[in-house]
Amino acid sequence: MIRRVLPLLVMAGCAAQPMKGETILELRASPGSDVDTVKGLLTLTAVATTDTGAVGSGTVRFVTDVGNLTVAEATLDEFGKAETVFSCIEGMHPFCDTASGADVTAQWDSPSKRTVTSRRIAFRRPQLVEVGYSGDGGSGTECTSQRDCQLGLACFDGTCVGNGQLRFSLSWTVASDFDLHVTTPNNKHLFYGNRRDDGGELDVDACVGSSTCRPTNVENIFWRGTPPTGTYKFHVRNFNGRAAGSFRIQVTGTGTPQEFTGMLPASSTDSMLFTVTR
C-alpha cells in the first residue's frame, strides 16, 4: 500500500459548463502528481453532469491500468460528486509497486450512455527515513533515562521525544505501523501527513517499514509553546495491519499525566476515540 501516503486534500475547481446534450465526467486527483508510494493517500474525485445539465446520479467506478483500486466504486452525492481515498500498503497491491505512475480512469453509466475519463498520476518512492533518530540525544534517540536526551526532550518508553506544555506519546511493541492522530480544539488534525499545525509537531514516527521497527516503538506529538485551549481528540490507527497488538498513550501538560490503553487487530483499523481537555 502507499506507505507514508501524506493526507491529500481534494483539489478545488469549477466543473466545465456542459453543452446541451453533452454528458461530462470530470476526474480530479489530489495530489495531482508526485504521489508518495511509501505511505501516502491519493484522493480521487469524479464530478458528473447529465446531458440535460443536471447533476449526475448513480455510481462511478475507479480503475487503473494495474488493477482496481481498493474502493472500486463510489456513489455520486447530491452535487454529482463521487470520491474515494486510496491508501497503499507496500506489497499488497500492484498499484503500490508501480515505479513511475499509473493511468487512472473513472467510468460512469448515466441514464443515456457510458462516460469515461482518464488521467495519468505520477508516483515517487522516497527512501524510508524515520523522523528524528539522530543518535545524539535528539528526537528518536534511544534512552534509558532523562540524562540520555537533549534539553527540552523527555525519555518516553526508551525513546527521546519532544516535550513542552502539552505532549501526546504513543508506544507499542508489535512490528506493525501504528499511527497517532491528534485533533486540536481548532479542528486541526496532526498526524504523519500533517506533522506541524496549530503550534503542535510530530517529531518521532516509528516502524514505518518492518525493517525500522524496534522492540518498543514510539510516536510523539507535542507543543513546546502554549497549546490551544479546549478539548483534544486522539486515536491510534494500525496503518498497515501487519500484526495485532496493544498500545499505550501518555498525555502530559493537562495536570496529572494521563494514561490511555487499547488493543488493535491485525487490520487497518482505528482505535476508540479518546479526549482530554487542556
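The values are calculated or read from the model by the stated rules, or taken from the named source; none is laboratory data. As the structure is a computational prediction, the values presented were derived from the model and not from experiment. Glycine also receives a Cβ, built like all others from the backbone with ideal geometry; neighbour counts cover every protein chain displayed. Only protein heavy atoms, including side chains, enter the accessible area calculation; ligands, DNA and RNA are left aside. Shrake-Rupley method; radii C 1.70, N 1.55, O 1.52, S 1.80 Å.
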Does Ala175 satisfy the criteria of being hydrophobic (A, V, I, L, M, F, W, C), open to solvent by 10 Å² or more (accessible area, probe 1.4 Å) and modelled with pLDDT under 95?
yes
Output the residues belonging to the stretch 51-79 that are modelled with pLDDT of 85 or more, open to solvent by less than 20 Å² (accessible area, probe 1.4 Å) and in contact with a Ser or Thr (Cβ under 6 Å, 6 or more places away or on another chain).
Gly56, Leu76
Examine the stretch 82-104 for a residue that is over 23 Å from Ala122 (Cβ atoms), at pLDDT 80 or above, part of a strand (DSSP E or B) and open to solvent by 70 Å² or more (accessible area, probe 1.4 Å), and state whether such a residue exists.
no
Residue check, Cys155 closer than 17 Å to Val251 by Cβ, open to solvent by 10 Å² or more (accessible area, probe 1.4 Å), free of Cβ contacts under 8 Å to residues at least 60 places away in the same chain and of a type in the set (A, V, I, L, M, F, W, C):
yes
Considering only residues that are within 16 Å of Leu42 (Cβ to Cβ) and of a type outside the set (D, E, K, R), look in the stretch 115-143 and name the one that is modelled with the lowest pLDDT.
Pro126
Can you tell me which residues in the stretch 214-229 are closer than 21 Å to Gly162 by Cβ and in a loop (DSSP other than H, G, I, E, B)?
Arg214, Thr216, Arg224, Gly225, Thr226, Pro227, Pro228, Thr229
Within the stretch 227-244, restricting attention to residues that are modelled with pLDDT of 95 or more and open to solvent by 30 Å² or more (accessible area, probe 1.4 Å), which residue is nearest to Tyr192 (Cα to Cα)?
His235
Where Asn217 falls short, out of the listed (1) buried (at least 23 other Cβ atoms within 10 Å of the Cβ); (2) within 22 Å of Gly262 (Cβ to Cβ); (3) touching a Gly at 6+ places or on another chain (Cβ under 9 Å):
(3)
Examine the stretch 186-202 for a residue that is modelled with pLDDT under 90, assigned to a helix (DSSP H, G or I), within 30 Å of Ser30 (Cα to Cα) and open to solvent by less than 60 Å² (accessible area, probe 1.4 Å), and state whether such a residue exists.
no
Restricting to the stretch 245-278, and then to whatever is small (Gly, Ala, Ser) and in contact with a Ser or Thr (Cβ under 8 Å, 6 or more places away or on another chain), can you tell me which residue is least open to solvent (accessible area, probe 1.4 Å)?
Gly245
Could you say whether any residue in the stretch 204-213 is within 21 Å of Arg167 (Cβ to Cβ) and surrounded by fewer than 21 Cβ atoms within 10 Å (Cβ to Cβ)?
no
